[in-house]
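Derivation of every value follows stated rules applied to the coordinates shown; laboratory data play no part. No experiment lies behind these values; they were computed from the predicted model shown. So basically every Cβ, Gly included, is an ideal-geometry build from the backbone, and we count neighbours across all protein chains shown.
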Amino acid sequence: MPGKKAEKTRANWLSVLEKHKHDADAPGSEEYWSPRLDCASRDELTAIQNEKLAALTPFLYENSGFYQRRFDRLGLAPTDIQSLDDLPKWPVVDKSEMMADVQENPPFGTYTTHDDDLWAKRGWMMFSSSGSTGVPRPFRYSQIDREYWSWANARAIHSFGIRPHDSMFICAGYGPHVFAWGVQYALAKMGVACIPGGGMNSDMRAMIVERFKPTVITSTPSYALHLGRVMEEKGMDPAKSSVKTLFIGGEPAAGIGNTRQRLEDLWGARLVEFYGCTEVAPHSGGYSCPASEAGPGPVTTHLMEDFQIWELVDDETKEPVPEGTRGLTVCTSLNSESSAQLRFLVGDYTTYTYEPCDCGRTHVRAVGAFAGRADDLINLRGIKMYPVQLEQAVRAVAGVGDEYEIVLNTNADGLDIMTARIEHAEQSAGDLVANEIRSRCEIRADVEVLALGTLPKTEFKAKRIRDERGD
Ligand SMILES: [Zn+2]
């Protein structure tokens with residue numbers, strides 16, 4: 001059972017969140033779900049963030065063993081971190097720290113503010129990171145989280161222009177992954193109809209699109225590509241289907257021009273994007289707006305600042321970088337009963353702008369959206385590149401199939417080499433792809449050209465990099 005002090009800090013935390021809850025149940029206007037919050041001035045947003053932050057640190061200290069130990073180890077008191085200016089005192093939290101915590105305190109770890117008592121009183125759902133890169137990290141959420149979460153997602157989905165006359169087909173497995181569930185609950189709040197697409201293969205999903213005519217498809221970009229191709233194989237034309245919007249999450253897509261174009265052409269639809277992660281932003285952290293693609297510049301993605309504090313830090317020093325400088329995303333989660341987090345390193349590269357957006361929303365924007373996690377960085381003979389750069393390069397060549405694979409291995413001379421395995425009808429495409437890779441990544445790659453349809457089809461998250469290098 002939590003102590004009196006822990007109960008008091010929780011009650012205070014929840015009362016601060018309640019105070020800044022506006023337009024929670026219905027949209028405040030046609031354009032903005034919450035005009036008051038979505039279009040708040042910078043001063044108002046800062047005041048909200050500071051007030052929540054001051055309530056957050058004692059709440060974390062009293063309700064999370066992980067945070068209490070970390071404060072003590074750093075020689076900091078919760079009162080040392082009360083405002084945005086104080087944040088740099090707290091070194092960013094890395095997911096490896098959470099993994100170590102789970103290993104020491106199985107099965108849930110102590111990095112959340114959700115314990116067995118809360119789970120019994122008002123538990124809602126447990127989600128988990130995939131565990132593909134280590135120990136799975138579970139996150140239990142409460143009924144209060146469900147309420148805040150669906151509200152935040154409704155604000156973001158409203159920003160996409162999705163309204164009750166739409167209907168959404170959610171192509172996801174409905175496992176313990178946050179994305180589909182968060183969307184599902186938001187739609188219920190918005191009064192938007194949906195078709196849950198769990199437990200179906202792609203043939204069945206293609207038939208659903210054809211027969212029941214949803215206007216929105218929700219999936220990863222890899223899956224939207226896959227489903228479109230399955231429809232084509234069945235003699236259907238996705239571009240002539242009822243689908244007008246591709247609502248993408250789970251992998252970057254909006255900021256990868258060639259991938260976005262390929263998807264938009266295939267479906268004859270526009271692409272909008274959700275950005276978040278299981279740890280701090282199970283609801284939408286980032287979301288497209290009507291002005292996301294306006295103008296000749298790169299796409300931009302808003303970040304919901306009354307719900308979270310979004311910083312960018314240098315990839316080496318982990319110190320904050322100035323506006324307009326590229327850095328890694330760091331998120332302080334300000335609106336969760338169960339997973340409030342202080343400066344979690346989400347770790348995607350982007351650049352921020354605080355310039356006003358044509359849509360009227362005032363929240364900070366990630367310019368060029370997101371380009372992949374820092375963990376995914378490829379280092380080949382000292383040359384560093386991201387999978388998205390390779391994706392851009394491969395897809396810059398006309399006629400290249402949807403599937404491709406990048407293999408890293410060590411040749412007989414002990415030299416690390418890269419081979420791109422692509423699909424194309426013409427062998428000569430190999431040189432074009434090699435040139436694109438050389439000009440974008442400054443590295444020479446061998447290119448193997450395979451007949452179209454040779455590589456296995458990707459369904460959900462694409463794993464396109466195969467690293468077989470020796471030590
Ligand atoms: Zn905007």
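Say the dipole of the stretch 1-373 comes from +1 at the beta carbon of Lys and Arg and -1 at that of Asp and Glu; which of A224, T112, P91 then lies farthest toward its positive end?
It is A224, whose Cα lies furthest towards the positive end.
What is the angle, in °, between the Cα long axis of helix 257-267 and the longest principal axis of the Cα atoms in the chain? Nearest 10 is fine, range 0 to 90.
80 degrees
Can you tell me the 0 to 90 degree angle between the C-alpha axis of helix 429-441 and the longest principal axis of the chain, rounded to 10?
It is inclined by approximately 30 degrees.
In deg cm²/dmol and to the nearest 500, what is the mean residue ellipticity at 222 nm of the chain if only DSSP H runs of at least 4 residues count, each as -39500 (n - 2.57), divided by the residue total? Spell out each step's value before the answer.
Working: 13 runs with 156 residues, N = 471.
Taking each H run of at least 4 residues, the total per residue is -10500 deg cm²/dmol.
Quick one: which of 88-94, 154-160 comes out on top by average Cβ neighbours within 10 Å, and what's the full order, highest first? Don't jump to the answer; show the numbers that get you there.
Working: 88-94: 16.3, 154-160: 26.4.
Per-residue Cβ counts within 10 Å, averaged per peptide and sorted highest first, yield 154-160, 88-94.
Name all residues of the stretch 344-361 having a backbone nitrogen under 13 Å from the label point set 7 Å from the Cα of E323 along its Cα→Cβ direction, giving them as ranges.
So the set is 352-357.
Note the angle between two axes, namely the Cα long axis of helix 178-190 and the longest principal axis of the Cα atoms of the chain, as a number of degrees from 0 to 90, rounded to the nearest 10.
70 degrees
Run through the stretch 406-455 and list the GluC sites (Glu not before Pro) located in a DSSP loop whose Cβ has at most 14 other Cβ atoms within 10 Å. Provide the component values of the computation, followed by the final result.
Details: sites: E423, E426, E436, E442, E448; in loops: E426, E442.
Within the stretch 406-455, the qualifying GluC sites (Glu not before Pro) (loop, at most 14 other Cβ atoms within 10 Å) are E426, E442.
Roughly how many Å is it from the Cα centre of the stretch 410-442 to that of the stretch 219-236, as a whole number?
27 Å
If we sort 169-178, 252-261 on the protection proxy, mean other Cβ atoms within 10 Å, highest first, what's the order?
Working: 169-178: 18.7, 252-261: 22.1.
For the peptides 169-178, 252-261, the packing ranking is 252-261, 169-178.
Output wanted: per-residue J couplings in Hz (rounded whole) for the stretch 169-176, from phi through Karplus 6.51 cos²θ - 1.76 cosθ + 1.60, θ = phi - 60°, x for Gly and Pro.
9, 8, 8, 8, x, 6, x, x
Please compute the length gained on full extension between R163 and A294, using 0.36 nm multiplied by the number of residues separating them and subtracting their Cα-Cα distance.
Computed gain between R163 and A294 is 45.1 nm.
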